[in-house]
């Protein structure tokens, strides 16, 4: 196997993780979590989202979170910005990098952001143009790459269309999301085989959910195919708030792969991440205690 010697982890717990919590968390708790993750060695932390508070109330105070952060040198603090207004708010909060998101499923796109895939991508033109003027990098997300809660199977050609479109617009990287965690190694291999025919592996990342326990197996396929950037969430926090609401989706689709579980695998494969597993396990157990929920990381529970 030709695995990379190093990989980059993008910690998404403070955004993709916390946005799905029912209990509104104080700004200080979010700031504490982000700062702890940076101290543990994370170099990229998705720290907030500038979306409508009507749809994602947990992220309504992202501006305050960014203002209160004691930022660590060498760490990139990112935020999700679905439209031009969100981007403007992110710039005012001094966000280091922004992200936009599209879907590979028409049904999911219409349910999630009330427009087609094509229209959603057109909306991002203004955001990416504005980002270029501000000298901010833009990361892209494509959701439902291995299955959709509303339409079921997703054509990998649709994934390629959305991925190509985001890269052509100016995203430096696209993170491929198995939003409801239904993917398997075979499907992951088929998807990457198509994408890598025209896209360099260093422009792709994987964002795997563990709803059916397949996340690490799918990531192993990614490693074998030369992908060296992976999204993960401390304590396995969160997931997509829309994913569990339809009959074709897992009803408890809160399955972000846990940072601790991924770190344990990578550490024992001699793949360097620069992130301290024991410190992350401590942080995961601590944040779960603060918000009163179960730690979804198997490794985190063992190291408690």
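Points to keep in mind about this one:
- The residues of segment 114-135 that are within 30 Å of residue 185 (Cβ to Cβ) and either touching a residue at least 24 places away in the same chain (Cβ under 8 Å) or surrounded by fewer than 17 Cβ atoms within 10 Å (Cβ to Cβ) (or both), listed by number, are 117, 121.
- Selection count where residues are under 26 Å from residue 230 (Cβ atoms) and not in a loop (DSSP other than H, G, I, E, B), scope segment 66-88: 8
- Check on residue 33, out of contact with any strand residue (DSSP E or B) (no Cβ under 8 Å at 6 or more places or on another chain), assigned to a helix (DSSP H, G or I) and surrounded by 23 or more Cβ atoms within 10 Å (Cβ to Cβ): yes
- Of all residues in segment 141-151 being crowded, with 23+ Cβ neighbours inside 10 Å, assigned to a loop (DSSP other than H, G, I, E, B) and at negative phi, the one that is modelled with the lowest pLDDT: 149
- Of all residues assigned to segment 164-187, at least one qualifies as being at pLDDT 95 or above, over 20 Å from the mean Cα position of the chain (by Cα), under 19 Å from residue 217 (Cβ atoms) and assigned to a helix (DSSP H, G or I).
- Unique match (being in contact with a helix residue (DSSP H, G or I) (Cβ under 6 Å, 6 or more places away or on another chain) and surrounded by 15 or more Cβ atoms within 10 Å (Cβ to Cβ)) among 154, 138: 138
- Scanning segment 38-65 for residues that are closer than 28 Å to residue 274 by Cα, in contact with a helix residue (DSSP H, G or I) (Cβ under 6 Å, 6 or more places away or on another chain) and not in a helix (DSSP H, G or I) yields 40, 45, 46, 47, 48, 49.
- The residue pairs whose first member lies in segment 180-201 and is in contact (Cβ under 8 Å) with a residue 60 or more places away in the chain, whose second member is outside any loop (DSSP other than H, G, I, E, B), and whose beta carbons are closer than 7 Å, counting only pairs six or more residues apart or on different chains, are 180/209; 180/243; 181/209; 181/215.
- Residue list for segment 42-57, filter: under 15 Å from residue 100 (Cβ atoms) and under 11 Å from the mean Cα position of the chain (by Cα): 46
- Subset of segment 110-124 (residues that are within 21 Å of the chain's Cα centre (by Cα) and farther than 17 Å from residue 150 by Cβ): 121, 123, 124
The values are calculated or read from the model by the stated rules, or taken from the named source; none is laboratory data. None of the values given here were measured: they were computed from a predicted structure. So basically every Cβ, Gly included, is an ideal-geometry build from the backbone, and we count neighbours across all protein chains shown.
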